[in-house]
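A.B. asks: Got a structure for you, questions after.
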Amino acid sequence: MDIAVVKYNAGNVCSVLNAFRRMGVEPRLTDVAEELHGADCVVFPGQGEALGAMTYLRSHGLDTVIRSLRQPVLGICIGQQLLCRHSEEGDTDCLGIFDVDVKRFVPQSHSDKIPSMGWNKLYDLRSPLYEGLEDSSHVYFVHSYYVPVCPWTSSKANYILPYSASLSRDNFHATQYHPEKSGRVGELILKNFLDMVRRDSITPAI
């Protein structure tokens, strides 16, 4: 399977590459449009800040490439946020795949720490990504911004308020959490994504 991982100015890419390698798949890190379009699936991961990331994507034409992808796409962490319409981080216009705005957490008490960092429960699971998982499965988060619950929410988590732990729309899927850092649960989520890719690649007999 040809897995293309988007190469841009965002951290945490190596842990995503290694997660797929542990599953016996060798991904390709690339910013070449032809390689991204030709891959079986594309993974759009990262840690960083929205304005700098979008500035880089636009300057390299990757914003247009990502919007035009037709194969399964998985955004991770800031990859989910950049697939949204706009982010409060740097007042940044993003890619607009999901027509929803990214918000900054606003603490409501002294116990509310920003960023939200650590393990949290998923619930209201509504995606093939979660086949074999039940509500209250734990995954790992590190983020100061969140996507509100919206029509494309495919799972939720709760920190200060309920928010979108993941999104799905057509061929685009995204997680605010880090499946590559989420142990057995995260590995199953990545496996389910690859299974979706395999099913997508099957051409019905005529």
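A.B. asks: Go through segment 57-93 and count every residue that is without any contact (Cβ under 8 Å) to a residue 60 or more places away in the chain and either buried (at least 24 other Cβ atoms within 10 Å of the Cβ) or of a type in the set (Ser, Thr, Tyr) (or both).
C.D. replies: Looking only at that region, the number is 6.
A.B. asks: A further question on this structure: Go through (1) within 20 Å of Lys191 (Cα to Cα); (2) surrounded by fewer than 18 Cβ atoms within 10 Å (Cβ to Cβ); (3) among the polar types (S, T, N, Q) for Ser155 and report which single condition fails.
C.D. replies: Exception for Ser155: condition (2).
A.B. asks: Just to be sure before I move on: is Gln47 of a type in the set (S, T, N, Q), under 17 Å from the mean Cα position of the chain (by Cα) and open to solvent by less than 40 Å² (accessible area, probe 1.4 Å) in the structure I sent?
C.D. replies: Criteria not met by Gln47.
A.B. asks: Which pairs do you get when a residue that is under 11 Å from Ala4 (Cα atoms), found in segment 21-38, comes within reach of a residue that is open to solvent by less than 60 Å² (accessible area, probe 1.4 Å) and in a helix (DSSP H, G or I), reach meaning Cβ atoms under 6 angstrom, with the pair 6+ apart or on two chains?
C.D. replies: Pro27/Leu17; Pro27/Phe20; Ala33/Val65; Leu36/Val65
A.B. asks: Using the structure shown, decide if Pro115 is farther than 20 Å from Gln47 by Cα, open to solvent by less than 60 Å² (accessible area, probe 1.4 Å) and touching a residue at least 12 places away in the same chain (Cβ under 8 Å).
C.D. replies: no
A.B. asks: So is Ser144 open to solvent by less than 20 Å² (accessible area, probe 1.4 Å) and of a type in the set (S, T, N, Q) or not?
C.D. replies: Answer is no for this residue.
The values are calculated or read from the model by the stated rules, or taken from the named source; none is laboratory data. A quick note: this is a predicted structure, and the numbers were derived from the prediction, not measured. FYI the Cβ positions are ideal-geometry reconstructions off the backbone, even for glycines, and counts take in every protein chain you see. The accessibility values were calculated without ligands, DNA or RNA, using every heavy atom of the protein model including side chains. Shrake-Rupley method; radii C 1.70, N 1.55, O 1.52, S 1.80 Å.
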